[in-house]
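Notes to accompany the following structure.
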Amino acid sequence: MLDFLNPIKGFGVTFHEMFRKVETVQYPEDKRPTAPRFHGHHQLNRWPDGLEKCIGCELCAWACPADAIYVEGRDNTAEARFSPGERYGAVYQINYLRCILCGMCIEACPTRALTMAPPGWWRRRGPRGCQGPAARPVPRCSRAPTARPPPPEPGKSRLRSPTTELGK
């Protein structure tokens with residue numbers, strides 16, 4: 001009925017918010033307390049001797065209701081040993097855009113390789129940033145690099161036009 005008053009109501013909300021006191025937090029000095037139900041972020045753990053606890057069983061990926069975890073397990077060899085068991089997690093990825101931080105992956109892990117770190121754990125990892133005891137060097141690719149195609153001749157493009165495809 002009175003639809004013409006809707007914009008005035010909207011401007012009233014905006015006008016009311018303009019005079020509300022803004023809460024400013026001086027972040028490095030004054031930290032806001034985290035929510036009581038926040039568990040932290042995921043952290044892969046290692047044994048004291050430096051070997052990984054993750055055995056690449058993929059139970060955490062199966063337990064994740066948001067399908068945010070991808071694990072690729074591989075077998076240990078005598079030359080390259082990453083974990084004390086037969087297998088290790090060669091690829092472990094968590095998509096934090098999909099993760100709902102429910103903790104079901106933590107409960108599913110049989111070796112307690114995956115735990116929730118307290119908030120701010122990435123700031124305490126040392127001068128090298130996030131690389132710390134849980135990071136291992138990325139293995140090099142065993143394939144030979146593929147050859148690049150030669151550069152196009154001057155004045156010609158690598159893209160085909162629709163007329164050349166039709167034979168015109």
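Values for this structure:
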{"read-out": "Residues satisfying the stated conditions in segment 71-95, i.e. in contact (Cβ under 8 Å) with a residue 40 or more places away in the chain and of a type in the set (Ser, Thr, Tyr)", "value": "TYR92"}
{"read-out": "Candidate set from segment 40-97 (those that are of a type in the set (Asp, Glu) and under 16 Å from the mean Cα position of the chain (by Cα)); member that is nearest to MET116 (Cα to Cα)", "value": "ASP67"}
{"read-out": "When residues of segment 63-79 are limited to those that are in a loop (DSSP other than H, G, I, E, B) and of a type in the set (Asp, Glu), the one nearest to LYS53 (Cα to Cα)", "value": "GLU79"}
{"read-out": "Tally of residues being assigned to a loop (DSSP other than H, G, I, E, B), among the hydrophobic types (A, V, I, L, M, F, W, C) and without any contact (Cβ under 8 Å) to a residue 24 or more places away in the chain across segment 11-53", "value": "4"}
{"read-out": "Test: residue in segment 113-127 that is aromatic (Phe, Trp, Tyr) and part of a strand (DSSP E or B)", "value": "no"}
{"read-out": "Cβ-Cβ under 9 Å pairs, at least 6 apart or on other chains, segment 107-130 side modelled with pLDDT of 90 or more, far side in a loop (DSSP other than H, G, I, E, B) and of a type in the set (Val, Ile, Thr)", "value": "PRO110/ILE55; THR111/ILE55; ALA113/ILE55"}
{"read-out": "Looking only at segment 80-102, and only at residues there that are assigned to a loop (DSSP other than H, G, I, E, B) and among the hydrophobic types (A, V, I, L, M, F, W, C), the one that is farthest from GLN43 (Cα to Cα)", "value": "ALA80"}
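The values are calculated or read from the model by the stated rules, or taken from the named source; none is laboratory data. Since the model is a prediction, treat every value here as computed from it, not as a measurement. Every residue, glycine among them, receives a Cβ derived from its backbone with ideal geometry; neighbour counts consider all protein chains shown.
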